[in-house]
Amino acid sequence: MTDKIQAKIIGAAKPRIDGPKKLSGQAMYAADHHLPNMAYAYGVFSTVASGTIDNIDLSAAKKMAGVIDIFHHDHFPDLYRTPSSFAQQNKVDETRLPFEDNKVYYPGQFVALVVADTFANARAAAYRVKVDYSADAEPIATLEQAMARGDKPKPAESANHSRGNPDSAYESSANKLDATYVTPMETHNPMEMHASTAHWENGDLVLYEASQGVIFARNVMAKVFGLAPERVDVRAPFIGSGFGSKLWIWPHAIAAAAASREIGRPVQLVVPRKEMFTTVGHRPPTHQHIRIGADDNGKLTALTQDSINTTSMINTYVENTGSCTKSLYDCENLRVSHATIGANHGTPTSMRAPGAAPGLFALESAMDEMAEQLNMDPLEFRKVNYTERDQSMDLPFSSIHLKEAFDQGAEKFGWAKRNHEVGSMRDGNDVIGWGMAACNWEALKMACDARVSLRADGTAFASSATQDIGTGTYTIVAQAVSAITGIPLDKIEVELGDSSYPSGSLSGGSWATATTLPAIAGAARAAIEELKGYAVAEGAAFAGAKAEDLTFEDGKLSSADGKSVDYTEILKSQKLANADGEAHTPGAPTGEYSFRSFGAHFVEVRWDAGISRLRVSRVVSAIDVGQIINAKTSANQVEGAVAMGIGMALFEATEYDEGSGLPVNNNYAEYLVPVHADQPPDVDVVLLDYPDYKFNEFGARGIGEIGVTGLAAAVANAVHHATGKRIRELPIRLEDLMSA
Ligand code: MOS
């Protein structure tokens, strides 16, 4: 059993310690590095969805100013096509190497790379590269096209789960719902574009990369270029977010590093915003067929969710929509199944709450529909089916406070005042709709290394090769050091985002907090142990005492007889600059508990039918993610997730033309995301804050993703309550709501 860390700094609402660096422009992002003698690369991207390259005419481009070299499938070094493995920490969603051959699998695929002395010259020349294609007449642009063509979906067995007899139980259920829910392709658009600044020195690679996982990136680059991992250093001290798009290495990084090695100069490559929609992943579209059976008391008797998503023609990516469904409610007869079908898109990837975000749109919409059919309060229907046991794993949840989330959320929102009749609540011209949904996410924890130094100048230093993607990791690492040592936050320096640091975790899966903090705490304790050793050495303040009899608190070492000495004095007396500690912590314990986070969203929409205006006017989100480490950054995560959920509900869809197979809205103007006017003035985040010490000594389960799950369903349910229209396909468009 681990200690429980209950220092006051844990849970405090501390501002981000890296904030001043970002505000003052000192934070260096991947494309901020302009190295001596650096060249700039600009891609040429496929303008057909599928086909082959017949000819690349470089004559005009080569005459352009500043051009150094132009790479393409006939002029590119042979590299190693690494297999993708999460366990080996070299996962990559698109395994095809850039310029591998003359095949085109998706629009926006790299087909050439121009390297020139300046960014402007590289881009100007790239525009002059003329590529002739033989294009397929019938590219697959959408999930509907793929299904209509009759291609056989590929089952995704590893994500599937079945228990009881779901089909026969459904058939004999007293109440049945059978509905299909459709979610669109969505594309992550972090403000910072993907970028690589590559530099070779004596055969070693240094890569400044916009990355959510420097260790994974290092491992992949080492494999691709045939190097020992120590000879690759991937740096990402600051990221302008990622939402999952920066978890793995994409073709641009390999192209930049190869080009740099070929021309013998540093090379910088920024992925243009247009190609941010094509070459660096997306959330694939899904069709989800749900069937729910319930008895007359509202008890679930059967639940099935059969899902299909598009993947690329190159790799298989499964959108695991049933990941929450299989354990969220008590149901003996249940099946979730997944399958993929090829389309001419780049390979999909994880996008914030992969699987769960589209999956809970479907499940939590269906739960609302069934509650309506049963004439039950949708909140009550969920409570009837509440469970504290993960039936898919046959294990109890380590800690579950979903009931409190339901109750506290409902209380804050005023749910008891809901008139369940559709269209019955009005305010002037607005019809008001109230909807709710549960949210859910797995809690994961990986192995992690960290190092902490206590320095003679009164400061401390902590490092691990994880990243801060804007979520506050720098700050919570400093809080963890402070919790163990008592050293104040402003004296703690944190270094993250460099693969040469002790091996740390991806900033993904909501696991960075639960993974990193125990390793940091362990390293801080190890540093204190080393310090105690110095303290009892000959000539030191506690010479002759036993190290294990000393205690360390608030930066002071004390002995039982009341003597107390500041740790800096110990180090100075030994002429040492610092005491160091390192730690390795394992992944989450297995076999006894299912670790998951829970919550509930309550949403109010206002619909003015006269002018077809729909607004989300109020959101209350009650979230149960274990111990909150930083009340400010945690609430920020949920507020941001609510914005993203509103985007999913009402705006976001990456569209492809079904004739040409080309992207339609691959830009910030036409890919709609919520702006300030779309954001409710009132987003109320309730953080339940029940520590989960079965998971780790901090009791924290992580908060990055859960807020985006369920939100779109809560909006759709509120829209139904206001308008009577049941929208099963996202995004909900105004034209869906206009009465015939
Ligand atoms: Mo998240 S989709 O694991 O960055």
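The values are calculated or read from the model by the stated rules, or taken from the named source; none is laboratory data. Fair warning: this is a prediction, and the values are worked out from it, not measured in the lab. For neighbour counting, all protein chains shown are included, and Cβ atoms are generated from backbone atoms with ideal geometry for every residue, glycine included.
One residue stands out among those in the stretch 478-510 that are in contact with a strand residue (DSSP E or B) (Cβ under 9 Å, 6 or more places away or on another chain) and of a type in the set (A, V, I, L, M, F, W, C): the one that is nearest to the ligand (Cβ to nearest atom), which is LEU496. In the stretch 508-527, the residues that are in a helix (DSSP H, G or I) reach residues that are within 16 Å of the ligand (Cβ to nearest atom) and of a type in the set (Val, Ile, Thr) with C-beta atoms within less than 6 angstrom, at least six apart or across chains, in these pairs: ALA512/THR466; ALA512/THR473; THR516/THR466.
Residues checked against (1) within 16 Å of the ligand (Cβ to nearest atom); (2) more than 21 Å from the chain's Cα centre (by Cα); (3) among the charged types (D, E, K, R); (4) over 20 Å from GLY355 (Cβ atoms):
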| position | (1), (2), (3), (4) |
| --- | --- |
| MET644 | yes, no, no, no |
| GLU652 | yes, no, yes, no |
| LEU687 | no, no, no, yes |
| GLU705 | yes, no, yes, no |
| LEU711 | yes, no, no, no |
| LYS725 | no, yes, yes, yes |
| ARG733 | no, yes, yes, yes |
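Could you tell me which residue of the stretch 33-61 is surrounded by the most Cβ atoms within 10 Å (Cβ to Cβ), considering only residues that are over 24 Å from ARG235 (Cβ atoms) and touching a helix residue (DSSP H, G or I) at 6+ places or on another chain (Cβ under 8 Å)? So the residue we want is VAL44. Enumerate the strands (runs of 3 or more DSSP E) found wholly within the stretch 571-673, keeping only those where 3 or more residues are among the charged types (D, E, K, R). The qualifying strands (runs of 3 or more DSSP E) are 596-608, 613-624. Based on what the data block shows, is GLU553 within 26 Å of LEU517 (Cα to Cα), of a type outside the set (Phe, Trp, Tyr) and exposed (fewer than 14 other Cβ atoms within 10 Å of the Cβ)? Answer is yes for this residue.
Condition check: at pLDDT below 95 and of a type in the set (S, T, N, Q). Does SER573 satisfy that? For SER573, the condition - at pLDDT below 95 and of a type in the set (S, T, N, Q) - is met. Screening ALA302 on (1) over 20 Å from ALA713 (Cα atoms); (2) surrounded by fewer than 23 Cβ atoms within 10 Å (Cβ to Cβ); (3) not charged (D, E, K, R) shows it passes everything except condition (2). Filtered by the rule that a residue be among the aliphatic types (A, V, I, L, M), assigned to a loop (DSSP other than H, G, I, E, B) and more than 16 Å from the ligand (Cβ to nearest atom), the stretch 240-295 gives a lone residue, VAL271. Among residues of the stretch 515-524 being more than 13 Å from the ligand (Cβ to nearest atom) and out of contact with any helix residue (DSSP H, G or I) (no Cβ under 6 Å at 6 or more places or on another chain), the one that is nearest to PHE461 (Cα to Cα) is ALA523. Sub-8 Å Cβ pairs linking a first residue in the stretch 207-228 that is under 15 Å from SER245 (Cβ atoms) and part of a loop (DSSP other than H, G, I, E, B) to a second residue that is within 16 Å of the ligand (Cβ to nearest atom) and of a type in the set (Asp, Glu), at least 6 apart or interchain, are ALA210/GLU192, ordered by first then second residue. Yes or no: the stretch 51-66 includes at least one residue that is in contact (Cβ under 8 Å) with a residue 24 or more places away in the chain and within 19 Å of THR347 (Cβ to Cβ). There is at least one residue in the stretch 51-66 that is in contact (Cβ under 8 Å) with a residue 24 or more places away in the chain and within 19 Å of THR347 (Cβ to Cβ). Checking the structure you have, find out if any residue of the stretch 453-469 is under 30 Å from ALA716 (Cβ atoms) and either of a type in the set (Val, Ile, Thr) or surrounded by fewer than 24 Cβ atoms within 10 Å (Cβ to Cβ) (or both). The answer is yes, given that some residue of the stretch 453-469 is under 30 Å from ALA716 (Cβ atoms) and either of a type in the set (Val, Ile, Thr) or surrounded by fewer than 24 Cβ atoms within 10 Å (Cβ to Cβ) (or both).
Okay, residues lined up against (1) in contact (Cβ under 8 Å) with a residue 24 or more places away in the chain; (2) in a helix (DSSP H, G or I); (3) away from the ligand (no atom under 16 Å from the Cβ):
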position	(1), (2), (3)
ILE314	yes, no, yes
HIS345	yes, no, yes
ARG352	yes, no, no
ASP368	yes, yes, yes
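Residue pairs, Cβ under 8 Å, 6 or more apart or interchain, first in the stretch 234-251 and within 13 Å of ALA27 (Cβ to Cβ), second within 9 Å of the ligand (Cβ to nearest atom) and not β-branched (Val, Ile, Thr). List them. Listed by first residue and then by second, the contacts come to ALA236/GLN212; ILE239/GLN212; ILE239/LYS246; ILE239/SER507. Counting only strands (runs of 3 or more DSSP E) that sit completely within the stretch 411-477, zero hold 3 or more residues that are touching a Cys at 6+ places or on another chain (Cβ under 7 Å) and closer than 15 Å to LEU506 by Cβ.
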